[in-house]
Amino acid sequence: MIRVIVETNNEWTKHKLQAVIRTEAALLRKMFQKTEQKVRTFEQKYGTSDRESLYGQVDDMELVEWEGELETAEKLKERLHEFEEMSVEYR
C-alpha cells in the first residue's frame with residue numbers, strides 16, 4: 001500500500017489531489033481493459049495462451065505483439081492496484 005502524507009489545510013488542494021488520484025485510476029482501468037481485450041481477441045483467434053504451441057502457426061509479429069500486451073496488462077494491473085489502494089493523509 002502507498003501512503004501519501006500532505007501538509008495542507010487548503011480544501012481545494014485536498015479535493016484536487018483526490019480527483020487526480022481517481023482520474024489516474026480510471027485511466028489505468030480503461031487502459032488495462034483495452035489491453036485485456038486485445039489479449040482475449042488474440043487468444044480466441046488462436047485458441048491458446050501457450051507460446052510454444054503457437055510457433056509456426058502464428059505470424060511472428062502477432063506473437064510478439066501478444067506477448068507485449070500480456071506484459072503491458074500485468075504492469076497496468078499492478079499500477080492500478082497501487083492507485084486503488086493508495087491512502088492520503090492530510091496534516
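The values are calculated or read from the model by the stated rules, or taken from the named source; none is laboratory data. This one's a predicted model, so the numbers in the text were calculated from it and none came from an experiment. Neighbour counts run over all protein chains shown; Cβ positions are idealised from the backbone, glycine included.
Go through the range 1-17 and give me each residue that's in a helix (DSSP H, G or I) and surrounded by 12 or more Cβ atoms within 10 Å (Cβ to Cβ). Steps first, answer last, please.
First, pick out the residues of the range 1-17 that are in a helix (DSSP H, G or I): 11-17.
Listed by number, the residues that qualify are Thr13, Lys14, Leu17.
When the range 26-51 is filtered for residues that are modelled with pLDDT of 75 or more, assigned to a helix (DSSP H, G or I) and farther than 19 Å from Glu84 by Cα, the ones remaining, listed by number, are Gln37, Lys38, Val39, Arg40, Thr41, Phe42, Glu43, Gln44, Lys45, Tyr46. Whether any residue in the range 43-59 is surrounded by 12 or more Cβ atoms within 10 Å (Cβ to Cβ), under 22 Å from the mean Cα position of the chain (by Cα) and within 30 Å of Val88 (Cα to Cα) is what I want to check. For the range 43-59, residues surrounded by 12 or more Cβ atoms within 10 Å (Cβ to Cβ), under 22 Å from the mean Cα position of the chain (by Cα) and within 30 Å of Val88 (Cα to Cα): absent. Looking across the range 72-91, the residues that are among the basic types (Lys, Arg) and either surrounded by fewer than 14 Cβ atoms within 10 Å (Cβ to Cβ) or farther than 24 Å from Val6 by Cα (or both) come down to Lys75, Lys77, Arg91. For the range 1-25, filtering for residues that are closer than 16 Å to Met86 by Cβ and touching a residue at least 60 places away in the same chain (Cβ under 8 Å) leaves 10.
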